[in-house]
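To keep things clear, I will list the structure first and then write my remarks on it.
The values are calculated or read from the model by the stated rules, or taken from the named source; none is laboratory data. The shown structure was predicted, so the numbers you read here are calculated from the model rather than taken from an experiment. Note that we place each Cβ from the backbone using ideal geometry, even for glycine, and neighbour counts take in every protein chain shown.
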Amino acid sequence: MATIERAEVLITSPGRNFVTLRITTSDGATGLGDATLNGRELAVASYLRDHLAPLLIGRDPARIEDTWQYLYKGAYWRRGPVTMTAIAAVDVALWDIKGKVAGLPVYQLLGGRSRDGVLVYCHASGASTDELLDDVAAYAEKGFKAVRAQAAVPGLSGSYGVRKGTIYEPAATALPDEQAWSTEEYLDFAPGYLGKVRERFGFGIHLLHDVHHRLTPIEAARFGKSVEDLRLFWMEDPTPAENQEAFRLIRQHTTTPIATGEVLTSIWDVQQLITEQLIDYVRTTVVHAGGITHLRRIFDLAALYQVRTGSHGATDLSPVTTAAAVAVDISVPNFGIQEHMGHTPATYEVFHGAPRLEGGMLHPSEAPGLGITYDDEAAARFPYEPRYLPVARRLDGSVHDW
Ligand code: EZ4
Ligand code: CO
């Protein structure tokens, strides 16, 4: 029997920080798991290095479920982003190894293809409505079939999701950037630009929008009603996701589909949302929700209630997560859509072998395992840099949800 011989925590910052776990077995097989928790990276690195790595040495790498249970139940302390991201990194690295040992891509181990490709949505944005419309046009020309649209509310520095460089990067500063927010101005402005996207591009493209946790339930209900005719694919995170009950009120008022879950980390955090059919899409991801093993458990529960998947896929999730997400997405019966922002060229210097993007869809690598390799030499050129996500303040100076 092969055993786990090494568990290395690798940190690199090719434009942004990534934490990666690399497990090596006594047979020389290696597996990668993403462990990146944006803005709190070193907490997960320590959890892995100081608390999980000593438990992994000597274990059978084939026992994925048992290792998951051991790390989850063995912690005694349940759930939470740091714990669940660390467990996810171990889980994904073990699936990668299992694929390599079997000589099969991970999606084949999960039951094989349920579809030809994984529909993705990209991020269009603009400092003005006109800029946003040009950006949507550019993505449509590239073949994307689904686009998320975000424009800056005039005069508000804190409009979420507006790109400055080539790829949206919110954790860009050494200390948190403080940004101004006004719910009133957002509610007056956002439905208008979403309407202009429909006017110009029609209904032949899926249109999504991320509210990013900033409304109260009744405000979210009003927003959802005001855009009903635009037939959004979804409105994302209309209210802070930790209050599952809040979604009932939104649901009672609007048929605009609801997606949430990118900040949620376990099946227990989405249980009410799913079983009471309070949402349409669950956005939990491989990296923050306990890996492939636990995410499949969430998605299977969701399938019973006709809730579809819509996993988070921002730039702060590494290409290892993209590959793992695509393996899950292509195999589960209730896949909905996958967020895909892509990464900078510097990131792809470190992580080789990403899933192929073609015709607005991602296609898994046919290489055994996840098909990603980590370039240590390239990684060494990009040392860790402290970075924080922004903080939002209302116009009266009080802290709001960012
Ligand atoms: O703000 O991943 O839908 N995508 C998002 C992301 C999140 C970042 C936080 O690290 O909401 O852009
Ligand atoms: Co989001």
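The conditions are (1) farther than 28 Å from Thr30 by Cα; (2) away from ligand 1 (no atom under 16 Å from the Cβ); (3) not acidic (Asp, Glu), and Ala327 fails exactly one of them. Which is it?
Ala327 satisfies all of (1) farther than 28 Å from Thr30 by Cα; (2) away from ligand 1 (no atom under 16 Å from the Cβ); (3) not acidic (Asp, Glu) except (1).
Of the residues Gln338, Gln306, which is over 30 Å from Phe382 (Cα atoms) and among the polar types (S, T, N, Q)?
Details: Gln338 fails: over 30 Å from Phe382 (Cα atoms).
Only one candidate passes the filter, namely Gln306.
Considering region 130-170 alone, what residues qualify as being farther than 20 Å from Phe233 by Cα and hydroxyl-bearing (Ser, Thr, Tyr)?
Scanning region 130-170 gives Ser157, Ser159, Thr166, Tyr168.
Sort through Thr20, Thr24, Thr36, Thr67 and tell me the only one that's buried (at least 22 other Cβ atoms within 10 Å of the Cβ), modelled with pLDDT of 95 or more and farther than 21 Å from Arg296 by Cα.
Values: Thr24 fails: buried (at least 22 other Cβ atoms within 10 Å of the Cβ); Thr36 fails: farther than 21 Å from Arg296 by Cα; Thr67 fails: farther than 21 Å from Arg296 by Cα.
Selected residue: Thr20, the only one of Thr20, Thr24, Thr36, Thr67 that is buried (at least 22 other Cβ atoms within 10 Å of the Cβ), modelled with pLDDT of 95 or more and farther than 21 Å from Arg296 by Cα.
Here are some residues: Val136, Val147. Which one is within 16 Å of ligand 2 (Cβ to nearest atom), in the same structural domain as Met341 (by TED's automatic domain parsing) and in contact with a helix residue (DSSP H, G or I) (Cβ under 9 Å, 6 or more places away or on another chain)? Reasoning before the result, please.
Values: Val136 fails: within 16 Å of ligand 2 (Cβ to nearest atom).
Sole residue among the options that is within 16 Å of ligand 2 (Cβ to nearest atom), in the same structural domain as Met341 (by TED's automatic domain parsing) and in contact with a helix residue (DSSP H, G or I) (Cβ under 9 Å, 6 or more places away or on another chain): Val147.
Give the residue, chosen from Ala45, Ala2, that is small (Gly, Ala, Ser), touching a residue at least 12 places away in the same chain (Cβ under 8 Å) and farther than 13 Å from Ile87 by Cα.
Values: Ala45 fails: farther than 13 Å from Ile87 by Cα.
After applying the criteria, what remains is Ala2.
Within region 12-49, which residues are more than 16 Å from ligand 1 (Cβ to nearest atom), of a type outside the set (Phe, Trp, Tyr) and in contact with a helix residue (DSSP H, G or I) (Cβ under 6 Å, 6 or more places away or on another chain)?
Correct list: Thr12, Pro14, Leu21, Ile23, Ala29, Gly31, Leu32, Gly33, Leu48.
Consider Asp210 carefully, then state whether it is of a type in the set (D, E, K, R), in contact with a His (Cβ under 7 Å, 6 or more places away or on another chain) and within 16 Å of ligand 2 (Cβ to nearest atom). Can you show your working first?
Numbers: of a type in the set (D, E, K, R): yes; in contact with a His (Cβ under 7 Å, 6 or more places away or on another chain): no; within 16 Å of ligand 2 (Cβ to nearest atom): yes.
Considered against the rule, which asks whether it is of a type in the set (D, E, K, R), in contact with a His (Cβ under 7 Å, 6 or more places away or on another chain) and within 16 Å of ligand 2 (Cβ to nearest atom), Asp210 comes out as no.
Considering region 24-71 alone, what residues qualify as being part of a strand (DSSP E or B) and of a type in the set (Val, Ile, Thr)? I'd like the intermediate steps shown before the answer.
Filtering region 24-71 down to residues part of a strand (DSSP E or B) leaves 24-25, 30-34.
Thr24, Thr25, Thr30, listed by residue number.
Restricting region 226-236 to residues that are free of Cβ contacts under 8 Å to residues at least 40 places away in the same chain and under 16 Å from Asp280 (Cα atoms), which is farthest from ligand 1 (Cβ to nearest atom)? Write out each step before concluding.
If we filter region 226-236 for residues that are free of Cβ contacts under 8 Å to residues at least 40 places away in the same chain, which is where we start, we get 226-232, 235.
Those still in the list that are under 16 Å from Asp280 (Cα atoms) too: 228, 231-232, 235.
On the way: Glu228: 22, Arg231: 20, Leu232: 14, Met235: 12 Å.
Top of the filtered list is Glu228.
Kindly provide the set of residues from region 260-298 that are farther than 17 Å from Ile330 by Cα, within 16 Å of ligand 2 (Cβ to nearest atom) and not in a loop (DSSP other than H, G, I, E, B), ordered by number.
Hits for region 260-298 are Thr260, Asp269, Val270, Leu273.
For the subset of region 299-322 comprising residues that are surrounded by fewer than 24 Cβ atoms within 10 Å (Cβ to Cβ) and without any contact (Cβ under 8 Å) to a residue 40 or more places away in the chain, which member is nearest to ligand 2 (Cβ to nearest atom)?
The qualifying residue nearest to ligand 2 (Cβ to nearest atom) is Arg308.
Considering only region 139-220, give the strands (runs of 3 or more DSSP E) lying wholly within it that have at least 1 residues that are among the charged types (D, E, K, R) and surrounded by 17 or more Cβ atoms within 10 Å (Cβ to Cβ).
Working: elements: 146-151, 178-181, 206-210.
Fully inside region 139-220 and qualifying: 146-151, 206-210.
Would you mind finding the one in Tyr107, Tyr121 that is outside any helix (DSSP H, G or I), under 21 Å from the mean Cα position of the chain (by Cα) and crowded, with 24+ Cβ neighbours inside 10 Å? Outline the logic, then answer.
Values: Tyr107 fails: outside any helix (DSSP H, G or I).
Matching residue, one of Tyr107, Tyr121: Tyr121.
Taking only pairs six or more apart or across chains, which ones have beta-carbon atoms under 6 Å, a first residue in region 160-186 that is more than 12 Å from His123 (Cα to Cα), and a second residue that is polar (S, T, N, Q) and surrounded by fewer than 18 Cβ atoms within 10 Å (Cβ to Cβ)?
Qualifying pairs under 6 Å: Gln179/Ser157; Ala180/Ser157.
Of all the strands (runs of 3 or more DSSP E) wholly in region 344-402, which have at least 3 residues that are in contact (Cβ under 8 Å) with a residue 24 or more places away in the chain and surrounded by 13 or more Cβ atoms within 10 Å (Cβ to Cβ)? Before you say what the answer is, go through the steps one by one.
Values: elements: 356-358, 361-363, 391-394.
Once the strands (runs of 3 or more DSSP E) in region 344-402 are filtered for at least 3 residues that are in contact (Cβ under 8 Å) with a residue 24 or more places away in the chain and surrounded by 13 or more Cβ atoms within 10 Å (Cβ to Cβ), what remains is 361-363, 391-394.
In this structure, does Ala325 turn out to be within 16 Å of ligand 2 (Cβ to nearest atom) and either under 11 Å from the mean Cα position of the chain (by Cα) or part of a helix (DSSP H, G or I) (or both)? It would help to see each step written out before you state the result.
On the way: within 16 Å of ligand 2 (Cβ to nearest atom): yes; either under 11 Å from the mean Cα position of the chain (by Cα) or part of a helix (DSSP H, G or I) (or both): yes.
Spelling it out, Ala325 is indeed within 16 Å of ligand 2 (Cβ to nearest atom) and either under 11 Å from the mean Cα position of the chain (by Cα) or part of a helix (DSSP H, G or I) (or both).
Could you list, in sequence order, all residues of region 237-269 that are away from ligand 1 (no atom under 16 Å from the Cβ) and among the aliphatic types (A, V, I, L, M)?
Filtering region 237-269 down to residues away from ligand 1 (no atom under 16 Å from the Cβ) leaves 243-256, 266-269.
Ala246, Leu249, Ile250, Ile267, listed by residue number.
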